[in-house]
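Trainee: Here you go, one structure.
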Amino acid sequence: MDGLQIRYDIKLSAGDYVSTKAWRDASLEACPNHPDGGCSLARHGTYGRKTPAGARVARWYCPESHATFSLLPDCLAARTPGTLAAVEAAVAGPCCSSRCRPACASPS
């Protein structure tokens, strides 16, 4: 089973997340596979992200379901390198196709 990324609802920029090492304060109250308890869910270290430099993501492991869980902070993009802000800026950027230019053009 692949690891599951869970939203870490934290109101920090990517820079503040790294500078405060906020992954150290992350906590997972219950195992997603055993919400009523009964498993041996335990902290399972962290993994690093390429960008922003120094970012780490907290992980947990459930031995009963052989699954890992990561708390991905709001400021980082899921399943792609970089910050969420950078991904959103790229999506909202200028059109690159002549087909979409009329739809994107601002009214005169």
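Bear in mind that the values in this text are calculations on the coordinates, not laboratory data. The shown structure was predicted, so the numbers you read here are calculated from the model rather than taken from an experiment. We place every Cβ from the backbone using ideal geometry, glycine too, and count neighbours over all the protein chains shown.
Trainee: Of the listed peptides 32-39, 46-53, 12-19, what is their order by residue-averaged count of other C-beta atoms within 10 Å, with the highest listed first? Kindly include the intermediate steps, with their values, before the conclusion.
Mentor: Details: 32-39: 11.8, 46-53: 13.4, 12-19: 16.1.
Highest to lowest by the protection proxy: 12-19, 46-53, 32-39.
Trainee: I would also like to ask the following. Within the set of other residues whose C-beta is less than 9 Å from the C-beta of residue 74, count the net charge using Lys and Arg as +1 and Asp and Glu as -1. Walk me through the intermediate numbers first.
Mentor: Values: positive: 7, 11; negative: 9.
That sum, taken over residues with Cβ under 9 Å, equals +1.
Trainee: Taking the Cα of residue 40, stepping 7 Å toward and past its beta carbon, and measuring to each backbone N in the stretch 55-73: which are under 15 Å?
Mentor: 61-68
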